[in-house]
Amino acid sequence: MLERKLDPLARSENLMVQNKKHIIIIGAGYAGMHATRKLSRSLGEDMSITLIDKNEVHVRLAELHEVAGNRVEPRVVTTPIKKCVKHVEFLKGEVKKIDFQRREISTEADTLNYDYLILAVGSEPEFFNIPGMREHSFPLWYLEDAKRIKAQIEEMFVSAQKEPDAGKRRGLLTFVVGGGGLTGIEMVGELAEWVVALSRKYNISRDQIDLIVVEALADILPTLRPSLVEKSKRILRSKGVTLMVNSPIMRVSPTEIELKSGEKIITRTLIWTGGIRANHLIAGLGLKTGGRNRIEVNKYLQVIDHPEVYAIGDCALFITDDGTPLPQLAEAAIQTAECAAHNITAEIKGTRKKEYKPKIHGTVMSIGGKYAVADIVLPLIGGVAFSGCLAMLLKHLLHIYYVVRDLGDIGLAFEYVRSRLFSKR
C-alpha cells in the first residue's frame, strides 16, 4: 500500500490555517467599527476578523437630531460598512444565539465559531414601563426613528393648516420632547429652528406653535456645569422653548401626556429621549448584568466568567474608580473599543494586556445650527467651559475628525462640511 505524503509547503499552510485565530465582532456602531478597524490594522496571518451587523451602513447616532430636524438628509449621517473596513469579512445578519461553551454564534443563515468575541451590540430606548410610552411616543435612537419624527412633524403642520378648530390646531402644533439630557436638548434646538421655516411654508403663525421639554429631574443637562446649563436655558427660551422640570411623565396616549402633577399636555407628538438600556439581545445570553441590562466586565473589559469575550460601548457595565458606571457616550465607546482590540492582539501575540482607564474629555452640545456649548478637559489646563460659535466650530471639527480617523473617509468629511456650512437646508 502506498502512503500518501503531503508536500512540506502544503503541510505548513494547513497548520497555519488550523492555528489562525478567528475574532468575531457583533455590532457596527461607534465601538464595533473602531474595534474592527483597530484590529484590522494589526491583522496578520495568524488572525481573521468577521464583523456582524443587521444593517449595511454605519449610522452616526450623535447626528440623528439633525436628520429629525430636517437639517441634513439621512444619507449624510450614514456610511457603508464595507467601505470602512478592510481585510475583514462583513456579514449582514442578526444574531439569534450565542453558545459560550462551544464558542459558537448563530444567525438566521450562518453558524460561526470564534476564538475571541467582542460584544458591541449597543443600546436601545428605555421606556421605564410608563403606560403608553412605547406605543405612542417617537423615540430618537435609530435612523428610522429620525425619519419617522421628521415625517410626523411635517404631517402635523399639514393637518394644522386644514384644521378650523383652534383648540385642535393647538394640539397638532404642540411638540413635546421627553428628556432634558444632551439628546433631548439637541433635538429641541433643531426643532426650534425648523418650525420657523415650517410656519412660513404652511402660513401658520409661530405664536401658535408650542415647543416643550419635559424633564423628570430638577434641571436639564445634569452632566454640564451650572454656568453652561443657564446659558443653554437662556438660548432655548429665546427660541420659544418651554422648560418643565420636576415633571415625570406618568402616562401617554395618542393625543396627550399626563404628568405626575396631574397636568395634561394635549399633543400628538412626544419625542422620547428620556433613557437608554443595553440591547435586548443581552437578556437571553445568560451573562452577569447590572443596571439596565449592561454586561459586567473586568478591568480589561473581559466578560465575567468568559475571558475570551469582551464587551464594549453602551452594552458594557464598567465601574470607574469613583464607583460609578462608565457613561454611555460615543467617546467612551471608542475608548473601550481601543482597549479591547489592544488586549485581544496582546493575547494572540503573547504581549501584555492593559487595564482600561477612562479619559472622558467632556461634552460639546449644539442648540440648533449656530450655537453650542462645550464643557471639556484640556491637557495641562484642566476643565474649560465656553459657548457660541467657538463651541460650534469645535463640534464640527470633532465630527470631521471621527469620520476621517475612525471611518477613513475623507470624502465624507468634505460632505459633512458642505451639508452643515453650505447647504440651503
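Quick look at the numbers
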read-out	value
Conditions (1) part of a loop (DSSP other than H, G, I, E, B); (2) under 18 Å from residue 105 (Cβ atoms): number failed by residue 43	(2)
Sole exception among (1) modelled with pLDDT under 95; (2) in a strand (DSSP E or B); (3) under 30 Å from residue 186 (Cα atoms) for residue 75, by number	(2)
Meets criteria (in contact with a helix residue (DSSP H, G or I) (Cβ under 8 Å, 6 or more places away or on another chain) and of a type in the set (A, V, I, L, M, F, W, C)) for residue 211	yes
Leading residue by the ranking (surrounded by the fewest Cβ atoms within 10 Å (Cβ to Cβ)) among those in the stretch 69-109 that are of a type in the set (A, V, I, L, M, F, W, C) and more than 29 Å from residue 416 (Cα to Cα)	109
Helices (runs of 4 or more DSSP H) (entirely within the stretch 116-222) containing at least 3 residues that are touching a strand residue (DSSP E or B) at 6+ places or on another chain (Cβ under 7 Å) and at pLDDT 95 or above	143-162, 182-201
Among residues of the stretch 264-284, those that are surrounded by fewer than 18 Cβ atoms within 10 Å (Cβ to Cβ) and farther than 16 Å from residue 130 by Cα, counted	4
Qualifying residue in the stretch 85-92 (condition: acidic (Asp, Glu), within 15 Å of residue 28 (Cβ to Cβ) and not assigned by TED's automatic domain parsing to the domain that holds residue 405)	yes
Residue list for the stretch 144-156, restricted to those being buried (at least 18 other Cβ atoms within 10 Å of the Cβ) and of a type in the set (A, V, I, L, M, F, W, C)	146, 149, 153, 156
Residue in the stretch 68-75 that is among the acidic types (Asp, Glu) and either in contact with a helix residue (DSSP H, G or I) (Cβ under 6 Å, 6 or more places away or on another chain) or on the phi > 0 side of the Ramachandran plot (or both) present	no
Any hit, the stretch 260-267, residues being in contact with a His (Cβ under 9 Å, 6 or more places away or on another chain) and at pLDDT 95 or above	no
Enumerated helices (runs of 4 or more DSSP H) restricted to the stretch 306-425, each holding at least 3 residues that are at pLDDT 95 or above and assigned by TED's automatic domain parsing to the domain that holds residue 59	330-349
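Yes/no per residue for (1) assigned to a loop (DSSP other than H, G, I, E, B); (2) under 23 Å from residue 173 (Cβ atoms):
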| site | (1), (2) |
| --- | --- |
| 246 | yes, no |
| 250 | no, no |
| 254 | yes, yes |
| 257 | no, yes |
| 262 | yes, no |
| 270 | no, yes |
| 274 | yes, yes |
| 283 | no, no |
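The values are calculated or read from the model by the stated rules, or taken from the named source; none is laboratory data. Computed from a predicted model, the values in this text were never measured in an experiment. In this analysis, Cβ positions are derived from the backbone assuming ideal geometry, glycine residues included, and neighbour counts consider all displayed protein chains.
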